[in-house]
1. Given the criteria more than 13 Å from residue 3 (Cα to Cα) and open to solvent by 10 Å² or more (accessible area, probe 1.4 Å), does residue 107 qualify?
2. Looking at (1) open to solvent by less than 50 Å² (accessible area, probe 1.4 Å); (2) assigned to a strand (DSSP E or B); (3) not hydroxyl-bearing (Ser, Thr, Tyr), which is the one condition that is false for residue 19?
3. Give the number of residues within region 56-89 that are open to solvent by 40 Å² or more (accessible area, probe 1.4 Å) and either in contact with a strand residue (DSSP E or B) (Cβ under 7 Å, 6 or more places away or on another chain) or not in a helix (DSSP H, G or I) (or both).
Amino acid sequence: QVQLVESGGGLVQPGGSLRLSCVASGSILSRNDMGWYRQVPGKQRELVAIITRGGSTTYVDSVKGRFTISRDNAKNTVYLQMNSLKPEDTAVYYCNVFPVVRNYWGQGTQVTVSS
């Protein structure tokens, strides 16, 4: 059974930084493109960033230049480095393969940006 476990969220002031981690079970990471997604209550979950098996990255416009997605296949881990955080980045952040597989969603990690 596939498991994706996110961690690293928390409360941070505007302009601050956080690094999220997503540990994947088995060999899911090495076999798939991976993505970070986020969801605000009452809104649809949105794609934030993608990293392909080859290491190419894509970002939603709102986070370009501030967020960096990376992967370490040896550690079965995908990261999201978030800098210059804004209040509108507040959300629950999830990782999943890209395109998503519904059954792979984990619990997510809460990121709150507030002064």
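The values are calculated or read from the model by the stated rules, or taken from the named source; none is laboratory data. Given the structure is predicted, the values throughout are model-derived calculations rather than measurements. Don't worry about glycine lacking a Cβ; one is built from the backbone with ideal geometry, like all the others, and counts go over all protein chains shown. For the accessible areas, the whole protein counts, side chains as well, though only heavy atoms, and no ligand, DNA or RNA atoms are used. Shrake-Rupley method; radii C 1.70, N 1.55, O 1.52, S 1.80 Å.
1. When the stated conditions are applied, residue 107 does not pass them.
2. The single condition residue 19 does not satisfy is (1).
3. Result for region 56-89: 17.
Conditions tested, residue by residue: (1) hydrophobic (A, V, I, L, M, F, W, C); (2) within 18 Å of residue 85 (Cα to Cα); (3) in contact with a Gly (Cβ under 8 Å, 6 or more places away or on another chain).
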site	(1), (2), (3)
2	yes, no, yes
8	no, yes, no
14	no, yes, no
19	no, yes, yes
22	yes, no, yes
29	yes, no, no
33	no, no, no
46	no, yes, no
53	no, no, no
